[in-house]
1. For residue 99 and residue 41, what does the FRET efficiency come to when R0 = 25 Å and r is the distance between their Cβ atoms, rounded to the nearest 0.05?
2. Just order 32-38, 50-56 by mean Cβ neighbour count inside 10 Å, highest at the front, would you?
3. Just how far, in whole angstrom, is the range 64-114 from the range 5-36 if you go by their alpha carbon centroids?
4. So how strong a dipole does the range 7-112 carry about its Cα centre when Lys and Arg Cβ are +1 and Asp and Glu Cβ are -1, to the nearest 20 debye?
5. Using 7 Å Cα-to-Cβ label points, what is the residue 28/residue 88 separation (nm, one decimal)?
6. What Kirkwood hydrodynamic radius, in Å, does the range 7-112 give when the mean of 1/r is taken over all pairs of distinct Cα atoms and then inverted?
7. Hey, quick one: spin label on residue 7, modelled 7 Å out along Cα-Cβ, who in the range 94-108 has an amide N within reach, i.e. under 20 Å?
8. May I ask what percent, to the nearest 5, of DSSP beta bridges between residues of the range 7-112 are antiparallel?
Amino acid sequence: MIGVNKVILVGNVGKTPDVVSFPSDGGVAVKKVSFPLATTESRKNRENEKVDITEWHNVVCWRGLADIAERILTKGSQVYIEGRLQSRSWEDKEGNKRHVTEVVADNLLLLSARQRSEDYAAKSNPLMDILNADTEPLGDLPF
């Protein structure tokens, strides 16, 4: 039987992402970025009042996606995440067995329109940089 482990979440980043780099055999460090993501669902209770229910998810990004997440995510950013669930367990310093389930992200898309426009305005336009650069004339071109 074939199994499917696919998660799609749209929510808000709960805090500035944590960044950790691990040394690797090739000399290039492997980067891991992790952050909490809040997803909120609205329902009506028995009294027909709207109630918001928030779930918190641990999201982990590795390597290139970690670089992107580190650059663009801040607390409150609204993001779309695609990934898979991964559970792991370990023993803490006091000898207690600990468990965690994480969403290992394969794809990340920033949805916060305001933040996207601020990021775009902050970036320079490469074409304008080339056109405005101080360059020496190339002289007579043969064509």
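Any read-out appearing in this document is the output of simple, stated calculations on the displayed coordinates, not a laboratory observation. Predicted, not measured: the structure shown is a model, and the values here were computed from it. Here the Cβ positions follow ideal geometry from the backbone for every residue, glycine too, while neighbour counts run over all protein chains shown.
1. Rounded to the nearest 0.05, the efficiency is 0.55.
2. Packing proxy ranking, top to bottom: 32-38, 50-56.
3. If you average the Cα positions of each part, the centres end up 6 Å apart.
4. 60
5. 2.1
6. 15.3
7. 98-108
8. 95
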